[in-house]
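J.: I have a structure here, written as structure tokens, and I will follow up with some questions on it.
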Amino acid sequence: MKSVVAKSVALVGAGPGDPDLLTLKALRVLALVPKTVRTQSVGKRHGSETLSQQAINDLMIHYARQGLAVVRLKGGDPLIFGRAAEEVEALGAAGIEVEIVPGITAAAAAAAAAVVPLTDRRHGSALVLLAGHRCATGGPPDWRALVRLHATIAVYMPGGRYADLARELTAAGLDPATPCVIVSRASRADQRT
């Protein structure tokens, strides 16, 4: 593992909430951070005002250009619905080195909390991770294709769209008796299953 250096940004996966789910590499990166470091919360929360992604990118670039080592602690895994693509692109365009430290993703933590494997070779061999919100350029997923896959479908950030998602899936041919588990705040003390 290389150490975080000035004019660099580390995107560090912090896991879904339980500090015991931090990876050893994430712990090593965080151990390099002095106690006197400046911290700023830029986390995104459904339904609340937060900094825009552009503002977050600008902050990382600003501090890295000052010669500071920047660690962007991200919930879950930065590469799975963590906006890493946008951040890597912005930092690269600014000539700033990026290191990515993967983390435990929320789907794995939620499945473990509910004691439900994400895959089972007897029933299917695919796992699909979906965002519950729509991207600006795309429509809804091809639910029929996903149903034909016989995949486990993990929906991140559904935003309370549970009934809509169930309706869309059953309209696409999913058996209404298919088991479903909803886990919120996976691995945290206030987790609900």
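J.: Could you calculate the contour length gain from LEU24 to VAL37, that is, 0.36 nm times the residue separation minus the distance between their Cα atoms, to one decimal place in nm?
T.: Here the segment from LEU24 to VAL37 would lengthen by 2.6 nm.
J.: Using helices alone, what [θ] at 222 nm do you get for the chain, with -39,500 (n - 2.57) per DSSP H run of 4 or more residues, divided over all residues and rounded to the nearest 500?
T.: Details: 6 runs with 57 residues, N = 193.
Only helices count here, giving -8500 deg cm²/dmol.
J.: With a 1.4 Å probe and every protein chain kept in, tell me what percent of the accessible surface of region 57-168 is carbon plus sulfur. Could the numbers behind the result be given before it?
T.: Details: 3740 of 6480 Å².
Carbon and sulfur atoms account for 58 percent of the accessible area of region 57-168.
J.: List the equivalent ellipsoid semi-axes of the chain in whole Å, largest first, each obtained as the square root of 5λ for an eigenvalue λ of the Cα gyration tensor. The partial results should precede the final answer.
T.: Values: eigenvalues 234, 70, 45 Å².
The equivalent ellipsoid of the chain has semi-axes of 34, 19, 15 Å.
J.: Further question: Which of the aspartates and glutamates could a cross-linker bridge to LYS7, judged by Cα under 12 Å and excluding same-chain residues fewer than eight apart?
T.: LYS7 reaches GLU97, GLU99.
J.: Let me check against my output: what whole-number percent is the relative contact order of region 30-145, with C-alpha pairs under 8 Å and at least 6 apart? Working shown, then result.
T.: On the way: 54 pairs, mean separation 18.0, N = 116.
The normalised contact order for region 30-145 reaches 15 percent.
J.: Another question, if that's okay. In Å², and per residue, what accessible area does region 14-136 have when probed at 1.4 Å with the other protein chains present?
T.: Numbers: 7670 Å² over 123 residues.
Computed with neighbouring chains in place, this is 62 Å² per residue.
J.: Moving to a separate point now. Starting from region 95-183, pick out the trypsin sites (Lys or Arg not before Pro) whose DSSP state is loop and whose Cβ has at most 14 other Cβ atoms within 10 Å. It would help to have the intermediate numbers written out before the result.
T.: Working: sites: ARG121, ARG122, ARG134, ARG144, ARG148, ARG161, ARG167; in loops: ARG121, ARG122, ARG134, ARG161.
Here the trypsin sites (Lys or Arg not before Pro) that fit, given the DSSP loop and packing criteria, are ARG121, ARG122, ARG134, ARG161.
The values are calculated or read from the model by the stated rules, or taken from the named source; none is laboratory data. All values derive from a computational prediction rather than experimental measurement. FYI the Cβ positions are ideal-geometry reconstructions off the backbone, even for glycines, and counts take in every protein chain you see. The protein model used for the area step is the full one, side chains on, heavy atoms only, and it has no ligands, DNA or RNA in it. Shrake-Rupley method; radii C 1.70, N 1.55, O 1.52, S 1.80 Å.
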